[in-house]
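Novice: Could you have a look at this structure, given as structure tokens, before my questions?
Every number in this text was worked out from the coordinates using simple rules, so none of it is lab data. Everything numeric here is computed off the predicted structure, so don't read it as measured data. Every residue, glycine as well, gets a Cβ built from its backbone with ideal geometry; the counts of neighbours run over all protein chains shown.
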């Protein structure tokens, strides 16, 4: 009787921290893990593994990647993005202060956020191509240099701006997502797209800033002239 052929063990189930996972799959696993309980932000960070900075930047930027404004969240989430990006730029491991680590995300909010993050990340992953324009992403110092754009986008996201003009949260959030994923995937063309989107974002802010200044110049003086008579 011939010996039976050895069976091939099934591949291990991917985990959020496995470096070869697709990022979208990692986020789906997280969504299932944190679906039924409030989750401190620090626990999410600790679970993300070697790509913690990149994935948490995407998670925190995603709520603002649509034209719908989410009041009250852009400043703390922008601060998380800023801290993570700044530490990566300095060559330090991911870290958040205790106050931010203790912030709890409701299970319904976190589940929907992670599921939406997974869809967006998966869509981008299918369009990013590792190795394109490799000279832009072939050194660690270059990747850290690109992170400065994420830091500047986080500062724009943290500005306490009113809902109008539109897209003042959306554009910086998209810059953070595109630049982070392109650098993580070593796609130089994606990095260039992130720079292009950032330049457009700066132009957009300058455009609306000029309109606000001109409006105040034209009508602010007249209002100040009328105040004594109203008194």
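Novice: Note the full-extension length gain between residue 129 and residue 87 as 0.36 nm times their separation in residues minus their Cα-Cα distance, in nm to one decimal. Let's see the in-between values first.
Specialist: Numbers: separation 42, 0.36 × 42 = 15.12 nm, distance 2.61 nm.
Length gained between residue 129 and residue 87: 12.5 nm.
Novice: Continuing with this model, one more query. Need the full-extension length gain, residue 141 to residue 95, defined as separation in residues times 0.36 nm minus the C-alpha distance. One decimal, nm.
Specialist: On the way: separation 46, 0.36 × 46 = 16.56 nm, distance 1.99 nm.
That pair, residue 141 and residue 95, stretches by 14.6 nm at full extension.
Novice: In what sequence do 39, 75 fall when counting other Cβ within 10 Å, fewest first?
Specialist: Starting with the residue having the fewest Cβ neighbours, the order is 75, 39.
Novice: While we're on this one: For residue 122 and residue 148, what does the FRET efficiency come to when R0 = 22 Å and r is the distance between their Cβ atoms, rounded to the nearest 0.05?
Specialist: FRET efficiency, residue 122 to residue 148: 0.20.
Novice: Got the relative contact order for region 66-161 handy, in percent, Cα pairs under 8 Å and 6 or more residues apart?
Specialist: 57 percent
Novice: Where does region 101-231 land on Rg(C-alpha)/(2.2 N^0.38 Å)?
Specialist: Computed over Cα atoms of region 101-231, the ratio equals 1.44.
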